[in-house]
Amino acid sequence: MAGYYSSGRRLYRSREGEILGICRGIAEWRDLPVSVVRWTFVLIALFTAVMPVILVYFILGLILPLEPEYRDNGRRRGYRASGKEDIESDFEDLKRRVNRMEDEELDKEKDWENRFRKGR
């Protein structure tokens, strides 16, 4: 039973959430639709004392860490259904980024070489 409750994922506040990303973070953590989590929160707030539930929500907003930028969750951020032109432009963009990174690394290597040559 313990394996059933352990998903192996950490609970984070989502970067794509509406208010602090708490509900979306819980939904992603437990693989639930975000609308179900939001409606559950609203119903709990309406049928119990509203202020303590809102207070708990904002405390979670302070305690939970923000989702890391590198985290993917099986979805690509900014992914869009694209045609050939979009794929080609994405490829060209990636190629420019890789070339820029390579140039930066080569500049660092040249800098080190120049430092050692000056000392001789």
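Can you tell me which residue is nearest to residue 14 (Cα to Cα) among those in region 27-62 that are in contact (Cβ under 8 Å) with a residue 24 or more places away in the chain and surrounded by 15 or more Cβ atoms within 10 Å (Cβ to Cβ)? Result: 28.
Of the residues 113, 69, 109, the single one that is modelled with pLDDT of 75 or more and not aliphatic (A, V, I, L, M) is 69.
Within region 21-62, restricting attention to residues that are of a type in the set (Ser, Thr, Tyr) and under 25 Å from the mean Cα position of the chain (by Cα), the residue that is modelled with the lowest pLDDT is 57. Quick test for you: out of 75, 13, pick the one residue that is among the charged types (D, E, K, R) and at pLDDT 75 or above. Going through 75, 13 in turn, just one is among the charged types (D, E, K, R) and at pLDDT 75 or above: 13.
The values are calculated or read from the model by the stated rules, or taken from the named source; none is laboratory data. Since the structure is predicted, the reported quantities are computational estimates derived from the model, not experimental observations. FYI the Cβ positions are ideal-geometry reconstructions off the backbone, even for glycines, and counts take in every protein chain you see.
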